[in-house]
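Student: Take this structure first; my questions come after.
The values are calculated or read from the model by the stated rules, or taken from the named source; none is laboratory data. All of these numbers come straight from a predicted model, not from anything done at the bench. Ideal geometry is used to build each Cβ from the backbone, glycine not excepted, and the neighbour counts take in all protein chains shown. What goes into the accessible areas is simple: the full protein's heavy atoms, side chains included, and nothing from ligands, DNA or RNA. Shrake-Rupley method; radii C 1.70, N 1.55, O 1.52, S 1.80 Å.
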Amino acid sequence: MMNTLFSRSSVGLQGELRVPGDKSISHRSVMLGSLAEGVTEVSGFLEADDALATMTAFTDMGVKIDRLGPGHLRIQGVGLHGLKAPKNDLYVGNSGTSMRLLAGILAGQSFNSVLTGDNSLTKRPMRRVLDPLTEMGARVTSSETGTAPLKIHGGSPLRGIDYKMPMGSAQVKSCLLLAGLYASGTTQVTEPAVTRDHTEQMLRGFGYQVKTEENVVSLSGGGQLTARSIDVPSDISSAAFFIVAACITPNSDITLQHVGINPTRTGVIDILLKMGANIRLFNERLVGGEKVADIQVKTSQLTGISVPENLVALAIDEFPVIFVAAAYAQGQTIVTGAEELRVKESDRIQTMADGLQAIGVDALATADGMTIQGGRVLGGTIESFDDHRIAMSFAVAGLQSEGVIQINNCKNVSTSFPNFVELASSCGFNLQVQ
Ligand code: S3P
């Protein structure tokens, strides 16, 4: 198990790489596959802690899931009403997606259940799902501070609501749509800004009618899901580390294969292009309803920008590594409207500002973002605060730093990207694990 990571400067990155499967789509493939009628085969599934936690939750509720090979699952769907009461609490580790989406599904079951997770997850806000679920008629309780463990009392009839989401969150939207499968009438969610739409896309793929009009999504309860096969594309959120890496490292030319480029996920590419990145998408194609492309990235001269707020929700998981790009860019980068970063696996505004300052970068945390003056990146020691994306972002930061960057507490890299160090080393990163 990787704990401390040392990242040193590199002379260039080369090669064709395939990063692991999309985390969001992997979670949803197990959820919908389990709730469908018939057998769903999944290929390209992300075998990392987070998505495996979702898989374990469903096997704990009686779903038979066979692993046919690496990333290849066969799920024997039990139908929307075929889950069985789990014998123990459902433990989902570090995974916010598992907890929030499962809360919606479990609210619609006839049995009681308890959802719990690790130290970080049990500090994250859950009222954002509990309040609207309660409005739908669910009986769900949390700690006094609105955190997990969540106790879900089964057997409460749900009714559809018309919910105006106060924050941009695909997890909240998805939780309510999944609960809506079990509700009477129509469940409608209005988002303040469009967020990833994998739940909607995959529900449609399983034959369920979902209506989307700009930022309003709705469905009616009482239908059924029909099994289908799913080919999970590579995760653009994992690819993002390599995209920024190739931009900031001289003599670099890499190609990332089979990356999901769903337009609700490509904010990172738009932001980097605005900064002057040398990125080319080619071989664009549709794979099981999701857009996929190969992405070539070469060494780039980046310039600081004010990131347009309409791109924030479309790049929400990529900000840690976008901040690293900003540290290597000429001039100032300003990010605003990104307060959701404060409630991720860590407070990503604070942990990134602290980490960047520790390696000599002029970074100023603000309530809803950060201001970064690009320029020299020295070396230093970073705390990842058990956050996978903080750890990997500082591994990227070390590619052109003047000194070595030591990153503590990297074991959670396995929540989304178990082979990060191998893949990064194979294309020219200079990493050491302790
Ligand atoms: C996710 C939604 C986002 C994202 C997370 C995955 C999803 O969370 O940060 O990594 O799969 O729905 P929020 O809904 O909290 O923005």
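Student: Can you go through ALA138, ALA183 and tell me which one is in contact (Cβ under 8 Å) with a residue 60 or more places away in the chain, more than 14 Å from the ligand (Cβ to nearest atom) and open to solvent by less than 10 Å² (accessible area, probe 1.4 Å)?
Tutor: Result: ALA183 is the single residue among ALA138, ALA183 that is in contact (Cβ under 8 Å) with a residue 60 or more places away in the chain, more than 14 Å from the ligand (Cβ to nearest atom) and open to solvent by less than 10 Å² (accessible area, probe 1.4 Å).
Student: Moving on to the next point. Return the total of residues in the range 389-432 being in contact with a helix residue (DSSP H, G or I) (Cβ under 6 Å, 6 or more places away or on another chain), over 29 Å from GLN301 (Cβ atoms) and either open to solvent by 40 Å² or more (accessible area, probe 1.4 Å) or assigned to a helix (DSSP H, G or I) (or both).
Tutor: Selection size over the range 389-432: 4.
Student: Considering the range 81-104 alone, what residues qualify as being open to solvent by less than 10 Å² (accessible area, probe 1.4 Å) and either of a type in the set (Asp, Glu) or away from the ligand (no atom under 14 Å from the Cβ) (or both)?
Tutor: LEU90
Student: Criterion first (of a type outside the set (A, V, I, L, M), under 23 Å from LEU225 (Cα atoms), in contact with a helix residue (DSSP H, G or I) (Cβ under 9 Å, 6 or more places away or on another chain) and surrounded by 15 or more Cβ atoms within 10 Å (Cβ to Cβ)) does PHE6 satisfy it? Steps first, answer last, please.
Tutor: Numbers: of a type outside the set (A, V, I, L, M): yes; under 23 Å from LEU225 (Cα atoms): no; in contact with a helix residue (DSSP H, G or I) (Cβ under 9 Å, 6 or more places away or on another chain): yes; surrounded by 15 or more Cβ atoms within 10 Å (Cβ to Cβ): yes.
Considered against the rule, which asks whether it is of a type outside the set (A, V, I, L, M), under 23 Å from LEU225 (Cα atoms), in contact with a helix residue (DSSP H, G or I) (Cβ under 9 Å, 6 or more places away or on another chain) and surrounded by 15 or more Cβ atoms within 10 Å (Cβ to Cβ), PHE6 comes out as no.
Student: Here is a check on your reading of the model: is THR199 of a type outside the set (A, V, I, L, M, F, W, C) and away from the ligand (no atom under 16 Å from the Cβ)? I'd like the intermediate steps shown before the answer.
Tutor: Working: of a type outside the set (A, V, I, L, M, F, W, C): yes; away from the ligand (no atom under 16 Å from the Cβ): no.
Spelling it out, it is not the case that THR199 is of a type outside the set (A, V, I, L, M, F, W, C) and away from the ligand (no atom under 16 Å from the Cβ).
Student: Taking the conditions exactly as written (touching a Gly at 6+ places or on another chain (Cβ under 7 Å), within 14 Å of the ligand (Cβ to nearest atom) and without any contact (Cβ under 8 Å) to a residue 60 or more places away in the chain), does PRO166 satisfy them or not? Show your work before the answer.
Tutor: Working: touching a Gly at 6+ places or on another chain (Cβ under 7 Å): no; within 14 Å of the ligand (Cβ to nearest atom): yes; without any contact (Cβ under 8 Å) to a residue 60 or more places away in the chain: yes.
So PRO166 does not fit the description; no.
Student: Give me the strands (runs of 3 or more DSSP E) completely within the range 201-288, filtered to those with at least 3 residues that are open to solvent by less than 10 Å² (accessible area, probe 1.4 Å) and at pLDDT 95 or above, ordered by residue number. Write out each step before concluding.
Tutor: Details: elements: 211-213, 216-220, 253-260, 278-287.
Passing ranges, in order: 253-260.
Student: Quick one: in the range 145-163, which of the residues that are within 16 Å of the ligand (Cβ to nearest atom) and in a strand (DSSP E or B) is most open to solvent (accessible area, probe 1.4 Å)?
Tutor: If we filter the range 145-163 for residues that are within 16 Å of the ligand (Cβ to nearest atom), which is where we start, we get 146-148, 150, 163.
Still in the list and also in a strand (DSSP E or B): 150, 163.
Numbers: LEU150: 0, TYR163: 34 Å².
The residue in question is TYR163.
Student: Okay, moving on. Looking at the range 16-30 only, could you name the residues that are away from the ligand (no atom under 12 Å from the Cβ) and assigned to a helix (DSSP H, G or I)? I'd like the intermediate steps shown before the answer.
Tutor: Restricting attention to the range 16-30, the residues satisfying the condition of being away from the ligand (no atom under 12 Å from the Cβ) are 16-21, 30.
Passing the criteria: only VAL30.
Student: Residues in the range 61-80 that are part of a loop (DSSP other than H, G, I, E, B) and surrounded by fewer than 20 Cβ atoms within 10 Å (Cβ to Cβ): how many? Steps first, answer last, please.
Tutor: Within the range 61-80, the subset part of a loop (DSSP other than H, G, I, E, B) is 61-63, 70-71, 77-80.
Now drop any that are not surrounded by fewer than 20 Cβ atoms within 10 Å (Cβ to Cβ), which leaves 62, 70-71, 78-79.
Here the count works out to 5.
Student: If you scan the range 216-264, which residues turn out to be in contact with a helix residue (DSSP H, G or I) (Cβ under 6 Å, 6 or more places away or on another chain) and among the acidic types (Asp, Glu)?
Tutor: Result: ASP235, single match.
Student: Look at VAL30 and say whether it is within 30 Å of LEU281 (Cα to Cα), open to solvent by 50 Å² or more (accessible area, probe 1.4 Å) and touching a residue at least 40 places away in the same chain (Cβ under 8 Å). Spell out how you get there, then give the answer.
Tutor: Details: within 30 Å of LEU281 (Cα to Cα): yes; open to solvent by 50 Å² or more (accessible area, probe 1.4 Å): no; touching a residue at least 40 places away in the same chain (Cβ under 8 Å): yes.
Here the answer is no, as VAL30 does not meet what is asked.
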